[in-house]
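Here the structure is laid out as structure tokens; the discussion comes afterwards.
The values are calculated or read from the model by the stated rules, or taken from the named source; none is laboratory data. It should be emphasised that the depicted structure is a prediction, and the values quoted were computed from it without experimental measurement. Neighbour counts are summed over all protein chains in view; Cβ atoms, including those assigned to glycine, are modelled from backbone coordinates with ideal geometry. Ligands, DNA and RNA are excluded from the accessible area calculation, which covers all protein heavy atoms including side chains. Shrake-Rupley method; radii C 1.70, N 1.55, O 1.52, S 1.80 Å.
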Amino acid sequence: MRQSSLGPESGELLIRTGITGTAARMGHRLTIAMRSWRATVDWDGDEPTGVEVTVELDSLEVLRGEGGMTPLSGPEKALVRTNALKTLRAKRFPQATFRSTSMEHDADSVRLPGTLDLNGRTADQTVDVRIEDAGDSWRISGRAQVRHSDFGIKQYSMLMGAMKVADEVEVTLSATLPRNPA
């Protein structure tokens, strides 16, 4: 059994939010980068057998906001970051961790049923991963839909709830894994 690791040096982990409510068009659909994360892949020979991903929530950086009445400014990005960390209760629960419980292989993709620990709660989570052969490495792209409500997280809202972050956010991972890691 061997392990290989991926992190920010290997690729990027992004979160994309939506907006709901009667005043939704006033808000921004956010793209957030997680700057500190680590994925560990367990191997049995040439077959991956398990995955664990840990994300440091305090590493979130607001990259951009689409939509809204005005462009998202630097000070607004800082305020969004502060609000997100508060909403996620990152001081009390500084990490989010996904652990696969099985792997379902299908040609060039893998479905990873597992659990996600977030905000002091654990819930079932599935991650879909696409794997592309790039010669001396693998290009990996993963995608998951995560619901705030599954983890007891109340979505950030404004205007007495007329505008709020959508319950479901999209988490994506794009990374390169050397075929024969040292």
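Its Cα centre serving as origin, the range 63-182 has a Cβ charge dipole (Lys and Arg +1, Asp and Glu -1) of approximately 800 debye. Normalised by the number of residues in the range 1-71, the mean separation of alpha-carbon contacts (under 8 Å, six or more apart) gives a relative contact order of 36 percent. Multiplying the residue separation of LEU85 and SER73 by 0.36 nm and removing their Cα-Cα distance gives an extension gain of 2.5 nm.
Summarising the amide proton neighbourhood of TRP138: residues at separation of 5 or more, or on other chains, whose placed amide H is nearer than 5 Å comprise LEU177, ARG179. Annotation: per residue accessible area for the chain equals 57 Å², rounded to a whole number [probe 1.4 Å, protein chains only]. For the chain, the longest principal axis of the alpha carbon atoms and the long axis of helix 74-87 meet at an angle near 70°. Element breakdown for the chain at a 1.4 angstrom probe: carbon and sulfur atoms account for 51% of the accessible area.
If I take every Cα pair under 8 Å that is 6 or more residues apart in the chain, average their sequence separation and divide by the length, what percent do I get for the relative contact order?
Working: 424 pairs, mean separation 42.8, N = 182.
That works out to 24 percent.
Only DSSP H runs of four or more residues enter the estimate; each adds -39500 (n - 2.57), and after division by the residues of the chain the mean residue ellipticity at 222 nm equals -2500 deg cm²/dmol.
Here the extension length gained between GLU61 and ARG2 equals 18.0 nm, from 0.36 nm per residue of separation less the Cα-Cα distance. Sorting 10-20, 136-146 by average packing, meaning the other beta carbons within 10 Å per residue, from highest down gives 10-20, 136-146. Counting every alpha-carbon pair across the range 63-151, the share separated by more than 18 Å comes to 62%. In units of the compact-protein estimate 2.2 N^0.38 Å, the chain shows a Cα radius of gyration of 1.09. The heavy atoms of GLU168 offer some 90 square angstrom of accessible surface to a 1.4 angstrom probe.
In angstrom, the C-alpha Rg and Dmax of the range 9-75 are 16.9, 53. Model label points for THR54 and ALA24, set 7 angstrom from Cα along the Cα-to-Cβ axis, are 3.7 nm apart. Legend: translational diffusion of the range 107-163 by Stokes-Einstein, Rh = Kirkwood radius over C-alpha pairs, 4 °C, 1.567 mPa s; D = 93 µm²/s. The slack between ARG130 and ALA107, meaning 0.36 nm per residue of separation minus the straight C-alpha distance, is 7.4 nm.
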